[in-house]
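A short worksheet on the structure shown next.
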Amino acid sequence: GCCGDWIEHLSAAGFPVKVRMVQDTAPTRQRLGMPGRYGSCHTGLVDGYVIEGHVPAGDIRRLLSERPEAIGLAVPGMPVGSPGMEMGSQRDPYDVLLVVADDAASVFASYR
């Protein structure tokens with residue numbers, strides 16, 4: 001499904017991926033410090049940053065290059081057209097959020 005497609009997206013972009021299947025990602029998000037309101041269907045960890053949902057590989061590369069003080073990146077929900085959620089030419093607008101302490105976030109990238 002969409003999680004496998006997102007993993008393929010990351011692998012194609014050169015990210016090494018290890019998969020751990022769980023029934024509920026909420027405990028993992030909580031353990032890693034990602035607020036539940038930014039939740040999606042999968043949670044990743046890269047170089048100390050939490051990656052929540054269908055974040056494009058290019059935005060992860062930018063995060064790792066800029067190294068902001070943050071919990072990580074999130075694409076809440078499952079927007080159509082995001083990596084792993086492709087459905088032909090259909091696209092929902094969505095934002096990639098930079099999540100910081102105290103449950104705050106700002107727009108890191110926008111896809112319209």
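Values computed for the structure shown
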| item | result |
| --- | --- |
| Within the accessible area of the chain (1.4 Å probe), percent carbon and sulfur | 51 |
| Other-chain or far-sequence residues with amide H under 5 Å of Ile71's (modelled H) | Val99, Val100, Ala101 |
| Calculated diffusion of region 45-112, Stokes-Einstein form, Kirkwood radius summed over Cα pairs, 37 °C and 0.692 mPa s, µm²/s | 269 |
| Estimated D of region 1-60 in µm² per second, where Rh is the Kirkwood radius over Cα pairs and Stokes-Einstein applies at 37 °C, 0.692 mPa s | 275 |
| Where N is the number of residues in region 1-103, Cα Rg divided by 2.2 N^0.38 Å | 1.00 |
| Inter-probe distance in nm under a simple model that places probes 7 Å from Cα toward Cβ, at Arg62 and Val107 | 1.2 |
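The values are calculated or read from the model by the stated rules, or taken from the named source; none is laboratory data. Everything quoted here is computed from the prediction, not taken from an experiment. So basically every Cβ, Gly included, is an ideal-geometry build from the backbone, and we count neighbours across all protein chains shown. Calculation scope for accessible area: heavy atoms of the full protein, side chains included, ligands and nucleic acids excluded. Shrake-Rupley method; radii C 1.70, N 1.55, O 1.52, S 1.80 Å.
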